[in-house]
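Colleague: Would you mind keeping the following structure in view while I ask a few things?
Computed from the coordinates by the stated procedures, all read-outs in this text should not be read as laboratory data. Being a predicted model, the structure only gives us computed values, none of them experimental. Backbone-built Cβ (ideal geometry, glycine too); neighbour counts: all protein chains shown.
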Amino acid sequence: MALQKIKPLDDFLFGARVYDAVKKTADDEFVIHPADNFIACALAMGAPLGNWSTVKDHFADSGAVMPTGARVIGSNGKVYQVGSGSDGMTDPTLGGAGWTDVSAGNGSSSGGGVNGSTPTAYSGDTAPAAGNVKVGDTFMTGTGIAAPFSKETLYTWNGTAWAFVGGAACAFFDWVAPAYNSGGGHAYNFGSATAVVNNLNVAVSGDTITLPSGGIYEVNSYINNLEVVDGPLGAYEYVGTKLSINLNDTEFAADSSLRVLGAEFPVGSSMSFWMGHTVTAKAPVGPGMTVKVFLETSRGKIPAGSAWRVSVIRVG
């Protein structure tokens, strides 16, 4: 090997030996470390420096900024080019400032760019910026996603918004009702209920829950309540119960039951019986739709401890 080739090679290897991995520098400022050499070559060739997360950490540790024009590979596999070094620390796949999508196929009929045909799968707790996605891209939300998205739910970009596909888009509330000693309407208390699951990110306020976005929802309510009523006042006693679901304070679905108790019960005696209700309401709703659930009784008492469940499931 020619002498003029050996010397640079020796400097290169020597630089690798004296490089301080903690300080991210070499003791000899005239020695080029392999990482710096690689970055310089990539910049000269217009090639990606590597995965953005790794490249970002390298520049952060060394106290340097990413060179203008540097290209990186985002977590979605696309190639991005930074306009200024100070912008290089923002995530390009989430719409970070200063980045330009320069993927192969961007602006053409194929490839993985914004206008390409190859779908890109996103995931996490932050939705990608609209300018970084194309029709057919998918987004799988994480467990920390905020409304109006649902947790652990798959969406697809339709050109203007993230459209619901499916997943764990549901909310379940369990409540142990207090004693009701008189007839009339009794509202489900979401504020006192246990949110077994709230992947829908519904907002809870007292007797009301608010759905975070438009869609088609299936609301179910079930109570298996033991009623204890006073004895007949005459020949017959009528005891009715009704479970209803209200959407935006208007009754949408209900289930009613009526029991006729015969005159064989003496005046002043008491009667106990089980009466269960299940109500299902499926409706397309707009953003901000409120849901309330009521139990109405014509007479009698409902003892404390009646188990009452409400579930809301997005189906479209």
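Colleague: Which pairs in the list 78/282; 151/292; 151/242 are over 30 Å apart, alpha-carbon to alpha-carbon?
Modeller: 78/282; 151/242
Colleague: Using a Förster distance of 51 angstrom, determine the FRET efficiency expected from the C-beta separation of residue 146 and residue 38, and round it to 0.05.
Modeller: 0.85
Colleague: Quickly rank 124-137, 38-51 as a protection proxy: mean count of other C-beta atoms within 10 Å, highest first.
Modeller: 124-137, 38-51
Colleague: On to the next question. What FRET efficiency comes out for residue 280 versus residue 54 if R0 is 45 angstrom and r is the Cβ-Cβ distance? Round to the nearest 0.05.
Modeller: 0.30
Colleague: According to a simple spin-label model (label point 7 Å from Cα along Cα-to-Cβ), what is the distance in nm between residue 86 and residue 45?
Modeller: 3.2
Colleague: To the nearest 0.05, what FRET efficiency results for residue 65 and residue 195 with a Förster distance of 45 Å applied to their C-beta separation?
Modeller: 0.50
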